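Bear in mind these aren't lab numbers, they're just calculated from the coordinates by the rules spelled out. Please read all numbers here as calculations on a predicted model, not as lab measurements. Cβ sites come from the backbone with ideal geometry, for glycine too, and all protein chains shown count toward neighbours.
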Amino acid sequence: MRPPYPMPSERQTALFLNGRELLRIQTTPVDLEDWVLGFLYSESLIDAPADLRAVRVDLAIPAVYAAIDPARMPEACRVAARYQRSRPGRVVAVDADAHRPAPAAVSHSLAVSRIQLAGWMRQLQASAPLYAATGGMHAAAVVHVPTDVLLIREDIGRHNAVDKALGAALRAGWPPEEAVLLATGRISHEMCRKVARAGIGIAASLSAATDQAIGLAEELAIDLAGYAKSPDRLVVYTAVGRIR
């Protein structure tokens, strides 16, 4: 018997790359084309949308079948190793930064105001139906500052939601110097790394940022903000100067 209220949806989703199963990960099976584009880009397995040579989603499994340059497959295997599951009675320690290129510092000077960030965050909350209906989902958005347009994506996982939003922005062709990332969940070191990889200089959360995320943002000249629902409550963790 199903409960009489909406539930967050998650499915174990397989990612096949060049015909080989790379990993299985829990996702909400919507916008998976954006997810695989954002994920592969965040993991430096592709450098542009055109590098994703083919993609097909089978929601019945669910699975995503993607094709990239075969020369990138050795690096893809190292990525897969970071996502391996621990076996019963065995702990697998995985170095999240092993074999990964260091992200470059963000150099552009896009500036926004606290009022803009809070307004976009309210728009994100109002335009994320799964987040609003269940209270148990995560949402993320990339804002195109010149046009005030948001690309909003949702998932059971914070990182997946960010990958989906980044994938959508890559597909739209938005330059990173015109973009801001928003998230409903806390910004971790890994999420901050995704922001840096995308070349985005401002990221804001409805929640907080972790100490490691703040340290990485300081190294890479990224402005991080938390509690961004209202301009008065918003906390700016790194004072690079893009948030007025």
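For this structure, a couple of remarks:
- By DSSP, the beta bridges lying fully in the chain are antiparallel in about 70 percent of cases.
- Label separation (ASP69 vs GLU178): 2.6 nm, computed from points 7 Å beyond Cα along the C-beta direction.
- The residue among PRO6, HIS144, PHE39 whose Cα reaches farthest toward the positive pole of the charge dipole of the chain, with charges on the beta-carbon of Lys, Arg, Asp and Glu, is PRO6.
- Cα gyration tensor shape of the stretch 136-244, rounded if a/c is under 1.5, else prolate or oblate by comparing a/b with b/c: rounded
- Label-point separation, THR147 to SER207 (7 Å along Cα→Cβ), nm: 3.1 nm
- Net dipole in debye of the chain [+1 Lys, Arg Cβ; -1 Asp, Glu Cβ; about Cα centre; nearest 20]: 580 debye
- Within the stretch 114-236: Cβ-based charge dipole about Cα centre, in debye rounded to nearest 20 (Lys, Arg +1; Asp, Glu -1): 300 debye
- Low-density loop cleavage sites - trypsin sites (Lys or Arg not before Pro) in the stretch 1-66, where at most 14 other Cβ are within 10 Å (DSSP): ARG53
- Cα gyration tensor, the stretch 11-82 - rounded (a/c under 1.5), prolate or oblate: prolate
- Entry note, the chain: the mean residue ellipticity at 222 nm calculated from DSSP H runs of n ≥ 4, each adding -39500 (n - 2.57), is -9000 deg cm²/dmol after division by the residues and rounding to the nearest 500.
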